[in-house]
1. Of all residues in the range 218-246, how many are part of a loop (DSSP other than H, G, I, E, B) and open to solvent by 30 Å² or more (accessible area, probe 1.4 Å)?
2. Evaluate the following for LEU171: is it touching a Gly at 6+ places or on another chain (Cβ under 9 Å) and part of a helix (DSSP H, G or I)?
3. Considering (1) buried (at least 23 other Cβ atoms within 10 Å of the Cβ); (2) more than 15 Å from ALA445 (Cβ to Cβ); (3) among the charged types (D, E, K, R), say which one ASP560 fails and leave the rest.
4. GLU276 passes all but one of (1) part of a helix (DSSP H, G or I); (2) open to solvent by 10 Å² or more (accessible area, probe 1.4 Å); which number fails?
5. So GLY434 clears everything in (1) farther than 12 Å from GLY259 by Cα; (2) surrounded by 18 or more Cβ atoms within 10 Å (Cβ to Cβ) except one condition, right? Which one?
6. Can we say ALA173 is without any contact (Cβ under 8 Å) to a residue 24 or more places away in the chain and open to solvent by 40 Å² or more (accessible area, probe 1.4 Å)?
7. Which residues, taken from the range 344-383, are of a type in the set (Val, Ile, Thr), within 28 Å of GLU84 (Cβ to Cβ) and out of contact with any strand residue (DSSP E or B) (no Cβ under 7 Å at 6 or more places or on another chain)?
8. Restricting the search to the range 92-120, which residues are in contact (Cβ under 8 Å) with a residue 60 or more places away in the chain, surrounded by fewer than 20 Cβ atoms within 10 Å (Cβ to Cβ), of a type in the set (A, V, I, L, M, F, W, C) and part of a loop (DSSP other than H, G, I, E, B)?
Amino acid sequence: MSHDVHQVRSFEHPGQGRKRAKATPKGRQVDPVAAHEIEQLLGDRPRRRDLLIEHLHLIQDTYKQISAAHLAALAEAMRLSFAEVFETATFYAHFDVVKEGEPNIPPLTIRVCDSLTCAMMGGEQLLQDLQSKSGRGIRVVRAPCVGRCDTAPAAEIGHNFVDHASVESVLAAAKAGETHAHLPEYIGYEAYVADGGYKLLQRLRAGELSKEDVLKQLDDASLRGLGGAGFPTGRKWRAVLGEPGPRLMAINGDEGEPGTFKDRYYLERDPHRFLEGTLIGAHIVEASDVYIYIRDEYPACRDILDREIAKLPPGGPVLHLRRGAGAYICGEESSLLESIEGKRGLPRHKPPYPFQVGLFGLPTLINNVETLWWVRDIVEKGADWWKSHGRNGRQGLRSYSVSGRVKNPGVKLAPSGITVRELIDEFCGGMADGHTFYAYLPGGASGGILPASMDDIPLDFGTLEKYGCFIGSAAIVILSQHDSVRTAALNLMRFFEDESCGQCTPCRVGTQKAAQLMERPVWNRQLLEELSQAMRDASICGLGQAASNPLTSVIKYFADEFKDAAE
């Protein structure tokens with residue numbers, strides 16, 4: 001096994017077969033100093049279009065910003081137009097593009113999460129205080145969910161996170177120059193192999209275990225995609241295998257749903273269990289290359305994978321580690337593919353579906369991190385072991401990301417179908433002191449909001465839809481009597497407004513107008529419901545289609561928050 005991001009295969013050139021590019025540079029004149037700096041920075045790295053985002057990260061990491069001169073030089077080096085490079089760089093939140101005539105960005109940036117759980121825990125006040133007290137040379141900006149809801153509020157200094165952040169702890173870390181990710185203790189390659197790791201993969205590659213044996217176990221266990229969509233895993237693998245080769249595989253590690261952090265939890269503790277599941281999936285569908293896309297907010301996960309992939313023995317598919325750049329929309333599977341190809345993360349129209357025409361136009365298997373993490377256990381222990389878990393008529397295990405007003409937030413491995421009341425009492429140590437259970441999000445930002453009185457619904461696929469909600473990635477956010485669901489719904493709508501890719505009007509304009517209407521002291525419920533329906537019916541992808549779920553839930557289930565508001 002090798003980790004070779006420089007290896008070039010024929011299918012990795014989306015421009016093959018097109019007319020040869022002009023010999024003269026496209027667009028504006030290139031500053032020779034900037035051109036030299038870019039050439040030095042890129043070195044012997046390939047100049048392929050699909051590596052554009054990786055090259056932009058190089059510039060951002062080196063210079064702490066991306067100047068117009070560097071963009072022009074990069075465009076010339078990669079034989080792209082300035083517009084192609086500019087539109088990609090400005091699409092992603094973590095690329096600080098400085099346009100001509102604008103002042104340079106301070107060398108140190110502090111990002112403070114203001115998504116729901118962090119906002120509940122004082123993130124907004126923390127942001128204001130840091131902006132007023134940080135001093136010169138430091139830029140303090142808001143950030144959408146960074147996947148650390150269990151240690152809210154969270155702040156990021158460079159690539160280092162401060163959990164349970166305060167003004168004092170953040171400024172102290174900044175003063176000490178603590179800007180690099182801290183790696184947690186995790187199970188490395190040697191320890192994983194010593195505990196039986198990769199034996200299943202070896203049996204599969206040696207022919208001792210057939211593809212059908214693996215697929216049957218996944219089918220019998222009814223393992224479903226755990227990134228949110230819940231599509232049956234075995235059926236997806238069979239669908240990809242049924243398409244003519246060559247085939248590819250892509251890993252969706254862009255865990256950006258507010259309230260969700262389970263993928264980070266597993267990657268930071270047992271990365272090889274995920275890697276073995278990945279390699280098993282690649283072997284089943286005969287994928288020659290695997291693209292592992294990890295969100296930029298997870299630097300420790302990327303560092304761990306980079307180290308551990310290098311330890312794998314040769315053979316099998318080539319693993320390409322790709323880095324997101326701060327775009328929630330790239331959690332949508334077709335946007336993910338666009339980003340891996342070095343483009344803006346705009347959702348594709350379907351059909352065709354990614355299993356038919358995916359990455360670089362080839363049939364592509366796309367799986368979530370946690371889905372693959374469970375493959376080894378299910379195949380080795382059997383589908384009956386998996387199905388032996390569960391409550392309230394459901395089967396299997398679920399990793400619930402629990403945050404909010406509970407004593408012990410975190411990832412809770414619990415039986416599928418557990419109720420939120422059982423989850424709070426048995427796995428979270430009860431409600432936090434001084435807090436009474438008032439409401440909960442059963443499926444992250446887009447999964448809706450339910451009152452505490454509806455605490456007996458099994459938390460699993462297919463159990464919440466009739467209430468206008470869904471389980472999604474099993475991100476459970478607990479609200480108490482000190483929280484307002486109207487405020488929570490507005491926080492979530494602002495998140496969706498900020499994260500909309502802008503491609504379709506119902507989502508781009510709908511989220512903006514909804515947020516404006518929700519800011520008013522009295523909600524025009526009829527207009528908001530009509531707007532929500534238009535977003536659900538006409539948006540291209542799941543972001544716009546589900547963005548109004550929290551809003552409509554509040555209108556439906558929390559009449560008490562409107563008792564003083566006359567329409």
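The values are calculated or read from the model by the stated rules, or taken from the named source; none is laboratory data. None of these values were measured; they are calculated from a predicted model. Here Cβ is always computed from backbone atoms with ideal geometry, including for glycine, and neighbour counts include all displayed protein chains. We work out accessible area using only protein heavy atoms, side chains counted, and drop any ligands, DNA or RNA first. Shrake-Rupley method; radii C 1.70, N 1.55, O 1.52, S 1.80 Å.
1. Initially, the range 218-246 is screened for residues part of a loop (DSSP other than H, G, I, E, B), giving 222-223, 225-231, 242-246.
Narrowing the set further to residues that are open to solvent by 30 Å² or more (accessible area, probe 1.4 Å) leaves 222, 227, 229, 231, 242-246.
Total satisfying the criteria: 9.
2. Values: touching a Gly at 6+ places or on another chain (Cβ under 9 Å): yes; part of a helix (DSSP H, G or I): yes.
So LEU171 fits the description; yes.
3. For ASP560, the exception is condition (1).
4. The number of the failed condition is (2).
5. For GLY434, the exception is condition (2).
6. Values: without any contact (Cβ under 8 Å) to a residue 24 or more places away in the chain: yes; open to solvent by 40 Å² or more (accessible area, probe 1.4 Å): no.
Criteria not met by ALA173.
7. Within the range 344-383, the subset of a type in the set (Val, Ile, Thr) is 357, 364, 366, 369, 371, 375, 378-379.
Okay, now just the ones that are also within 28 Å of GLU84 (Cβ to Cβ), so 357, 364, 366.
Of everything in the range 344-383, just one residue is of a type in the set (Val, Ile, Thr), within 28 Å of GLU84 (Cβ to Cβ) and out of contact with any strand residue (DSSP E or B) (no Cβ under 7 Å at 6 or more places or on another chain), namely VAL357.
8. Listed by number, the list holds a single entry, ALA93.
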